[in-house]
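The values are calculated or read from the model by the stated rules, or taken from the named source; none is laboratory data. Quick caveat: nothing in here was measured; it's all calculated off a predicted structure. Cβ placement follows ideal geometry from the backbone for every residue including glycine, while neighbour counts extend to all protein chains displayed. Protein only, heavy atoms only, side chains kept; ligands, DNA and RNA dropped before computing areas. Shrake-Rupley method; radii C 1.70, N 1.55, O 1.52, S 1.80 Å.
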Amino acid sequence: MRNLLCQRFGFPAECIIMLTDDQRDPFRLPTKDNIRMAMQWLVQGCSYGDSLVFHFSGIGAQVADDDGDEVDGYDEALCPMDAFQRGPILDDEINEAIVRPLVHGVRLHAVVDASYSATVLDLPFLCRVARNGYWQWEDQRPPSGAWKGTSGGQAVLFSGYSDGKSNFAVMPDAYGSVGAMTHSFVRAVECEPRGVTYGRLLTSMRTIMKCGGGGGYDDLQGPIGAPMQHHQVANFSGVQEPNLSSSEMFDIYRKPFVL
């Protein structure tokens, strides 16, 4: 993901914070406090024209909703490495931390590669494949009437759907594996032409996931794919299809994907 941002979209490396399990620096480990601080850092001082990216690849969870703001009665959550001691980070908190502060002219794209991640940013609109094979929007605004939108900006989440029946892959080497959602997103962005629409990008991701991702990055050419050719693709989240959720509905077949 870092290579994609820097080499495809020109993000400065010094503007990226990475939290990974193999870090020696305790402030670069994906603990609950560090993820909270990173989310605050991401949106702090954001202004018109800013493009922000949030990526999480790990374990997700569902917990019973206690404030009546979930259509399905459950909060989605991300699990930091100290989740057993500190608990997960709920979608309510994530929404308040990185969605609510987005002012006019600010774009946030999130890619979450985790189980139960379909609405983990608590965005009001969800887009997924209907029975007719077309991507369609669904209204996910909470029954309580709670506001889950931005402060004028736009938030878009690429996540995944699972029916809970898929097999989870066991990864012998957690640091040598790439999640299936992350793989499909990176590969689709690299293989599709610039200016690809959100709809085309989602369809490409869906095809890659249905085909098992091709088993790796051997067929992904260029500087982005090269560092990943020795990694294995592992569907540790059990995600079967990509979803898109957003702070506002738009024509996914016309709007170009731009980071």
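Protein chains only, probe 1.4 Å: how do Leu90, Leu201 rank by accessible area, largest first? If you can, show how the numbers build up before the last one.
Details: Leu90 55, Leu201 0 Å².
Final ranking, largest accessible area leading: Leu90, Leu201.
Over the heavy atoms of Cys191, what accessible area does a 1.4 Å probe trace out, to the nearest 10 Å²?
80 Å²
Which order do Arg36, Arg131, Arg8 take when ranked by solvent-accessible area (1.4 Å probe, heavy atoms of all protein chains), largest first? All intermediate terms of the calculation are to be shown ahead of the outcome.
Details: Arg36 85, Arg131 250, Arg8 40 Å².
Greatest to least solvent exposure: Arg131, Arg36, Arg8.
Just to check I understand the Karplus step: with θ = phi - 60° and J = 6.51 cos²θ - 1.76 cosθ + 1.60, what whole-Hz values come out for segment 191-196, glycine and proline as x?
For segment 191-196, the Karplus curve yields 7, 7, x, 4, x, 4 Hz.
Under 5 Å between amide H atoms, partner at least 5 residues away or on a different chain: which partners does Phe54 have, H built in plane at 1.01 Å?
Close amide H contacts, sequence-distant or interchain: His109, Ala110, Val111.
Return the carbon/sulfur percentage of the accessible area of segment 1-99, one whole number, probe 1.4 Å, all protein chains in place.
Details: 2790 of 5410 Å².
In segment 1-99, the share of accessible area belonging to carbon and sulfur is 51 percent.
May I ask you to rank Phe11, Phe158 by accessible area, largest first, using a 1.4 Å probe over the protein chains only? Show your work: numbers first, answer last.
Details: Phe11 40, Phe158 0 Å².
Accessible-area ranking of Phe11, Phe158, largest first: Phe11, Phe158.
Between Arg28 and Arg254, with labels modelled 7 Å along Cα→Cβ, what's the label distance in nm to one decimal, could you check?
My value for the distance between the label points is 4.5 nm.
5 Å is the cut-off here: which amide hydrogens, built 1.01 Å from N in the peptide plane, fall below it relative to Val178, excluding neighbours closer than 5 in sequence?
Distant-sequence amide H within range of Val178: Gln232, Val233, Ala234.
Quick one: which residues, 5+ away or cross-chain, put their amide H under 5 Å from the amide H of Ile16? H built at 1.01 Å from N.
When sequence neighbours closer than 5 places are left aside, there are no close amide H contacts.
Please work out the average accessible area per residue across segment 70-133, using the 1.4 Å probe convention, and give it in Å².
39 Å²
So, taking all protein chains as they sit and a 1.4 Å probe, how much accessible area belongs to Val71, in Å² rounded to tens?
Here the residue's solvent-accessible area equals roughly 90 Å².
Using a 1.4 Å probe on the protein heavy atoms only, what accessible surface does Met18 show? Give it in Å² to the nearest 10.
Looks like 80 Å² after rounding.
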